[in-house]
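Novice: Sharing a structure with you now.
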Amino acid sequence: MSLLAAENLPFVIALGCLALIALLQVTGIGDVIEDAGDFDTVDGLDAGGFGAALTALLGLGRVPLMIWTASLLLIFGTIGLIGQAWIADIFGAPLAPLWAMLGAGAAALPLNSLAARPLGAIMPRDETTAIDLDDLIRRDAEIQIGTARAGSPARARVIDHHGQAHFVMVEPSDTDQELRTGDTVLLVRREGQTFYGVHYQSPLLGLGT
């Protein structure tokens, strides 16, 4: 049975979306999206009553929403592909796509809720050291991935006054300058979700510790 067969397509698409989320996280774009959209909380479901019960049941709020979504896509896609292959072996044909999606979704939601518990226990809780983004200005950062140019930011790691690491997108303050992986920069200003840095050598950086 082909992975690209119609009955498997919803699950292949789900795993493709998971790969896209992973790519966004690796490039740092995912952090910008989370900060801009406040994806770490689901405010509409934080109220008491049914909303709070649904939030707890689904495991929302235990981990950032992007992580919760990635976990759900992984479980949904895996259950769907394995389930379709298993059903085809037993009955000679897989389920129709709609029924397969409903079955995989019904199984994936509670399993994802269970997975959110250990994930939430091991992940750092940003709200305990929540800071204003402007508090990161005048702090050292280290370019982690890519080369930052004017109009093309790169992902950088900066430590706040609590000792908590943050990943931000940085462009050079000097438009003629490039900031490369491993460069130390001083964050001098911020526009929206993008910081601007000045390259220099800091003997006190110690971001690897």
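Novice: List the residues whose amide H sits under 5 Å from the amide H of ARG139, counting only those 5 or more places along or on another chain, with H placed 1.01 Å from N in the peptide plane.
Specialist: For ARG139, whose amide H was placed from the backbone, the distant partners under 5 Å are LEU187.
Novice: If you don't mind, another one. Please give, to one decimal in nm, the separation of the simple spin-label points placed at THR175 and ASP160, each 7 Å out from Cα toward the Cβ.
Specialist: If labels sit at THR175 and ASP160, their model points lie 3.2 nm apart.
Novice: Find how much the distance from THR69 to LEU57 grows on full extension, using 0.36 nm per residue of separation minus their present alpha carbon separation; answer in nm with one decimal.
Specialist: Using 0.36 nm per residue and subtracting the Cα-Cα distance, I get 2.8 nm.
Novice: Amide H to amide H under 5 Å from ILE145: which residues, 5+ apart in sequence or cross-chain, H placed 1.01 Å off N in plane?
Specialist: Here the answer is ARG155, since their amide H atoms fall under 5 Å of that of ILE145.
Novice: For HIS161, what charge total do you get from the other residues with a beta carbon under 10 Å from its beta carbon, if Lys and Arg give +1 and Asp and Glu give -1? Write out the running numbers ahead of the final one.
Specialist: On the way: positive: ARG139; negative: ASP135, ASP160.
Cβ neighbours under 10 Å give a net charge of -1.
Novice: With N residues in segment 74-118, what two-decimal value do you get for its Cα radius of gyration over 2.2 N^0.38 Å?
Specialist: Values: Rg = 11.4 Å, N = 45, 2.2 N^0.38 = 9.3 Å.
Normalised Cα radius of gyration, segment 74-118: 1.22.
Novice: Taking only the alpha-carbon atoms of segment 129-199, what semi-axes of the equivalent ellipsoid follow from 5 times the gyration tensor eigenvalues under a square root, in whole Å, largest first? The partial results should precede the final answer.
Specialist: Details: eigenvalues 70, 29, 18 Å².
Output for segment 129-199: semi-axes of 19, 12, 10 Å.
Novice: For ALA85 and ASP135 in one chain, what is 0.36 nm times their gap in residues minus the Cα-Cα distance, to one decimal in nm? All intermediate terms of the calculation are to be shown ahead of the outcome.
Specialist: On the way: separation 50, 0.36 × 50 = 18.00 nm, distance 5.26 nm.
Length gained between ALA85 and ASP135: 12.7 nm.
Each reported figure results from applying straightforward, stated rules to the coordinates on display, with no laboratory input. Nothing here was measured: the structure is a model prediction, and the numbers come from that model. Because the Cβ atoms are built from the backbone with ideal geometry, glycine has one as well, and the counts that use them run over all protein chains shown.
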